[in-house]
Every structure is written in structure tokens, then in C-alpha cells.
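Contents: one structure, followed by commentary.
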Amino acid sequence: MHHFGNHGGASSRGPQRSGDDRSLELSNEPRVFVLGGSGSTLGFINSFRTDAGAVTARLVPLAWTPIGVVIGESWQNVGIALANLLDWVDRTFPPEDERAFVAPMRDIELLARVQWQADLPEALSDEAVLNIEDLPEEIVDGLAHPPAPIVQCAACRRLCVQGEFVWKEKELCAWDYHAQVFGKRGPWHDGPYEDRHFETLPTCAYIAAPILAEMGVDVVFSSGEIAAATAQEMINLLITAEPGRPYMALRSGGGFSVLRER
Ligand SMILES: [Zn+2]
């Protein structure tokens, strides 16, 4: 029998369930139980068996991007005395974080009592999560996609996906990239693109139309994968046909796009 520390009103947080209407499915498949999450991290555990009174929780970084949550591909192990687990969950996923959630404390207590354990999956996925119904929809959606390397935005420290938005050799989040590159001080053009301009086009994973809309920038052209020479001709045709406002060509998602200030 394990004893938990005092966890105050913690059990009032998170989804509430009436009675014992759910049985926790036990199987030999690799599984994890998600203890909680926040705006930057997801905590899970695959074994409540203690080693010198301690269990190992895993923390995986989460990036909230304009196109959804991306799960980090590496995780960090944290040894926690089982007696302090509920306090740790409450501290690590604090209610002050508007994106924080925690698994029902009763379920954590139950799993600890039966010393639940499963093999650790190689990668986190929605199928590997025992208590998927405890998770916010955005994180469930994120778990359906492959994990990715996560880095910190050089401007705001928010977590973002490595390599998606790099500007002047700095990793940025989508919001800061849009603000810096597509803002007033970005590389706007009044005239056609010459070859030398075309060699140094801004390049990013995708452009987020809602962010651009707030900035007063329209996407006036977007292509799939076409030859750079073809793109350059089309872009210059557009700029010369409708002159008078600043344009910016860029590479995104394998194709080309052209933005125009409103
Ligand atoms: Zn940022």
C-alpha cells in the first residue's frame, strides 16, 4: 500500500467522472498513462512500480503552433518519490497555466495501488496513451502526427518546431517569424525580382493566413512545387501587372508564395 502526500483540492481539476464507470484497460501493449500537461510539456508514466520508493515520470516538450500541437521527439526522465507524485503533478501542471490539465487524481491513485506498468513505447502516439480521454483535443490531434524536434524561439522563448521558421540563422516561432519577416521591416519589393534577389528568398515551412490577415498582408499567389525560373517569371508578371504596392516572394511548403501589403 502506498501513501500519497496531501494534494489539497487538486482532484477538483480536470475532467470529472461519475462513479466507477470506466475500467482501465490492461494489456501487454506498450502504453503510457498521461499524468498531465501544460502549454509547454506533457508528463506521462509507464510504470508505477517503485525503485527505492521512486517512480520515473517522463516529460516531453510540446509546441503549440498556428497549425496545431506538435509533440517533441525526445523526453526527459524525472525520478519522483511515489509519496510526492500527486504534489509533483499539481506543481508541474499548475492551474495558472491556462493550457494545463491533470489526469483524475483518483485514477493515478488507483494505478499506483495496483502497481500498473506497461512497456515504454518507442514513440508517443495516440494509440499508446491509456487515458486518451483525459487529454485536451489539441494534444490528441498532435499525438496523431509524428513527433518532431522542438526548440525555443530566439525571440519569445515559446517552444516551436526546429527548422520550420529560421530567419537570420535564428530559430523563431511562427508568430515572431511572421512579425519579423512579413512586417514593415521585412524584405519587401516595389519592383521585379532580379536573379540575385531570387537566390535569397525567405524560406519557411508554411505561411499562416490568420497571422498575415492581422498584419494587413494578403497572399496573392501560392504555388506547388514548380521550377524556380518559372516561379520568378510568374511572380514578376504579377508585380509588373499590378504595381503600386510592396510585394514579397518567399518559398514555403515546397512551393512559392507572393505576399502583398494591403
Ligand atoms: Zn516567438
Taking every pair of distinct Cα atoms and averaging 1/r, then inverting, what Kirkwood hydrodynamic radius in Å comes out for the stretch 10-148? 15.1
Of GLY255, VAL219, ASN236, which is farthest along the charge dipole of the stretch 182-261 in the positive direction, counting Lys and Arg as +1 and Asp and Glu as -1 at C-beta? VAL219
Pulled fully out, how much extra length does the chain show between THR200 and ARG113, if you take 0.36 nm times their separation in residues and subtract their Cα-Cα distance? 25.3 nm
For a test of the definition: using alpha carbon positions, the gyration tensor, and the 1.5 limit on a/c, classify the stretch 215-262 as rounded, prolate or oblate. oblate
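Grab the DSSP H runs of the chain that are 4 residues or longer, score each as -39,500 (n - 2.57), total them, divide by all residues and round the 222 nm result to the nearest 500 deg cm²/dmol.
Rounded to the nearest 500, it is -6000 deg cm²/dmol.
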So if each residue of separation counts as 0.36 nm, and I subtract the Cα-Cα distance between ALA213 and ALA241, what length gain in nm does that give? 7.8 nm
What is the log10 of I(q)/I(0) for the chain, computed with the Debye formula using one identical point scatterer on each Cα and no solvent, at q = 0.11 Å⁻¹? -0.70
I need the shape label for the stretch 84-180. Rule: rounded when a/c is under 1.5, else prolate if a/b > b/c, else oblate, with a, b, c from the alpha carbon gyration tensor. prolate
Relative contact order as a percentage, the chain, C-alpha pairs under 8 Å and 6+ apart, gives 17
Express as a percent, rounded to the nearest 5, the fraction of DSSP beta bridges in the chain (both residues included) that run antiparallel. 90
Restricting to DSSP loop positions (anything but H, G, I, E, B) with no more than 14 other Cβ atoms inside 10 Å of their own Cβ, which GluC sites (Glu not before Pro) remain in the stretch 164-262? GLU169, GLU194, GLU199, GLU225
Each label sits 7 Å from Cα toward the beta-carbon; between HIS189 and ALA228 the label points are separated, in nm, by 1.3
I'm checking a number: the convex hull volume of the Cα atoms of the stretch 116-262, normalised per residue, in Å³. What is it? 144
Equivalent ellipsoid semi-axes, the stretch 182-261, via Cα gyration tensor eigenvalues times 5, rooted, Å: 18, 15, 11
Taking θ as phi - 60°, what are the ³J(HN,Hα) couplings along the stretch 152-165 by the Karplus curve (6.51, -1.76, 1.60), each to the nearest whole Hz, with x for Gly and Pro? 9, 5, 5, 9, 10, 6, 4, 7, 8, 8, 4, x, 6, 9
Table column - 3J(HN,Hα) (Hz), the stretch 89-94, Karplus curve with 6.51, -1.76, 1.60, x for Gly and Pro: 4, 5, 6, 6, 10, x
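Throughout, read-outs are computed from the coordinates displayed, never taken from laboratory work. From a predicted model like this one, the values you see are computed outputs, not experimental measurements. Ideal geometry is used to build each Cβ from the backbone, glycine not excepted, and the neighbour counts take in all protein chains shown.
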